[in-house]
Amino acid sequence: MNPHYCCLSRNFSAALPPLLPVQLPSRMETHLWYVVPDEVKSAPLLSKYMELLPQYERDHVLGFRGDQLQKSALLARTLVRTTIARYQVDDHLDPRSLRFKRNIHGKPEVEWETKDGFCPPPLQFNISHTSSLVACGVTMNSLIGIDVEEKRRRTKNNILAFAKRYFTAHEVEHLNAIPDSELQQQEFIKLWTLKEAYVKALGKGFSSSPFNTFTIRASSGIAVETLDSPQNLTNNWQFALLELMGSHYVAICLERQETGGAGKALPIKLTARKTIPFVEDELVSGTNAVVTIGGSVTQF
Amino acid sequence: MASITRASVSMPSLSASVNQSQRRISGMNSVSFPVSGRSMIPSLRLQRGLQVCCAAKQETVDKVVAIVKKQLALPADAAVTGESKFAALGADSLDTVEIVMGLEEEFDITVEEESAQSITTVQEAADMIEKLVEK
């Protein structure tokens, strides 16, 4: 049914099985791919992943201190390369042949080959990882930022002190109003991931949008309001907040492409897949592995 | 099974060297402080008297190391030096901001986002602190 994917080097005496090819997301879709590092235990498999990377990326991975950090760094590179390769842009794409560059502000992008007759797709992606989860979001056209965090992540500093220093007054007020410290911690993490996702979607670097220059409002739906135009809830960006596997928050920020009638926002169409590249892929959207907890999302 | 000639490829025995490579590799993790511009940090360090080296005092470096170890829950005997990069030690963006906040409190300084963005190693943090403390 699908073209046989076999672009691996003859240096492998045992070739990796093919990656499951996937259709590019439509203009309205967002694809979320993720890997759970604890589920990837095979040393030979991790070695194969390492071999997909160019030398400078291997060096980067090895620059992390300790096996666990190196593993999640390796899985992050592996996930982004194999995910983009699945879309079979330009017929077949070896994950190793992908090149990346940074835009003027430092945001990573694919550097497509320039050749006659080939029009690079407006594929957008963003990755995020913690030691326990590595995720990659993909869209066509829409700028995207994603951020993942463990639900039970604790700050070393007091939440309100931290928020007063780095968040906006409205956000501090919102957190301050939560009496239960557990809930307050979770709300903080949600807010953090949403703010991160927004800055990453903008792609202009942390300092161009310091966290205290924009407010994330998450009462009914999620919206961003920048301090310099407070009257104008910035309609260009839409958000989704997901709870993944009951253990992680995933925040997604997308450039809004279209609205429904009368400027009404259309929900984000999300497809989520858990993967161990070359081993297994599992469609998880619509299951209780992926629960929408904020924003307007339809999963399919 | 492909025979792996490079020992470094076999994951379980991988261990990063203590002295982190200074080579600037594109940061591909989720730390939000971008990579671009780091190599252009202006050397605004003051030259004092006959002091040729511009590095911050060891005492400052030690305090930064302590704050970093605490934030990242590293063991007391973890090898963290001036060259150590926060990201390589496992700091994500939240950790980095917390580290900066810890430095602000310890040294009674305020670090603007633009400056915070350019701190990626212990040494850079220490140098920035000394610059701000001098003011």
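In segment A:46-72, the residues that are at positive phi reach residues that are in a helix (DSSP H, G or I) and among the hydrophobic types (A, V, I, L, M, F, W, C) with C-beta atoms within less than 9 angstrom, at least six apart or across chains, in these pairs: A:G66/B:L89. Can we say A:T130 is hydroxyl-bearing (S, T, Y), within 13 Å of chain B (Cβ to nearest Cβ) and crowded, with 19+ Cβ neighbours inside 10 Å? The answer is yes for A:T130. The numbered conditions (1) within 30 Å of A:Q23 (Cβ to Cβ); (2) touching a residue at least 24 places away in the same chain (Cβ under 8 Å); (3) among the hydrophobic types (A, V, I, L, M, F, W, C) are all true for A:F100 except (2). Does A:W237 meet the test of being away from chain B (no Cβ under 14 Å) and at pLDDT 90 or above? Criteria met by A:W237. Filtering segment A:149-160 down to residues that are closer than 14 Å to A:A251 by Cβ and touching a helix residue (DSSP H, G or I) at 6+ places or on another chain (Cβ under 7 Å), which residue is surrounded by the fewest Cβ atoms within 10 Å (Cβ to Cβ)? Going through the qualifying residues, I end up with A:K151. Is it true that some residue in segment A:53-74 is modelled with pLDDT of 95 or more, within 13 Å of chain B (Cβ to nearest Cβ) and closer than 18 Å to A:L123 by Cβ? Checking segment A:53-74: not a single residue is modelled with pLDDT of 95 or more, within 13 Å of chain B (Cβ to nearest Cβ) and closer than 18 Å to A:L123 by Cβ. In segment A:1-44, the qualifying residues are those that are crowded, with 17+ Cβ neighbours inside 10 Å, over 23 Å from the mean Cα position of the chain (by Cα) and within 14 Å of another protein chain (Cβ to nearest Cβ), and the one that is modelled with the lowest pLDDT is A:L8. Could you check segment A:156-180 and list, in sequence order, the residues that are over 16 Å from A:L194 (Cβ atoms) and within 13 Å of chain B (Cβ to nearest Cβ)? Hits for segment A:156-180 are A:K156, A:N157, A:N158, A:L160, A:A161, A:K164, A:R165.
The set of residues in segment A:78-95 being modelled with pLDDT under 90 and touching a helix residue (DSSP H, G or I) at 6+ places or on another chain (Cβ under 9 Å) consists of A:H92, A:L93, A:D94.
The set of residues from segment A:97-110 being at pLDDT 90 or above and more than 8 Å from chain B (Cβ to nearest Cβ) comprises A:L98, A:R99, A:K101, A:E109, A:V110.
Every residue in segment A:161-183 that is surrounded by 15 or more Cβ atoms within 10 Å (Cβ to Cβ) and aliphatic (A, V, I, L, M), please. Correct list: A:A163, A:V172, A:L175, A:I178. If you go through segment A:203-218 one residue at a time, do you hit one that is away from chain B (no Cβ under 11 Å), without any contact (Cβ under 8 Å) to a residue 40 or more places away in the chain and surrounded by fewer than 21 Cβ atoms within 10 Å (Cβ to Cβ)? No: segment A:203-218 contains no residue that is away from chain B (no Cβ under 11 Å), without any contact (Cβ under 8 Å) to a residue 40 or more places away in the chain and surrounded by fewer than 21 Cβ atoms within 10 Å (Cβ to Cβ). On the basis of being out of contact with any strand residue (DSSP E or B) (no Cβ under 6 Å at 6 or more places or on another chain), small (G, A, S), more than 29 Å from B:E105 (Cβ to Cβ) and touching a residue at least 40 places away in the same chain (Cβ under 8 Å), does A:S247 make the cut? When the stated conditions are applied, A:S247 passes them. Just one residue in the set A:G117, A:G145, A:G137, A:G106 is assigned to a loop (DSSP other than H, G, I, E, B) and touching a residue at least 24 places away in the same chain (Cβ under 8 Å); that residue is A:G106.
The values are calculated or read from the model by the stated rules, or taken from the named source; none is laboratory data. Predicted, not measured: the structure shown is a model, and the values here were computed from it. FYI the Cβ positions are ideal-geometry reconstructions off the backbone, even for glycines, and counts take in every protein chain you see.
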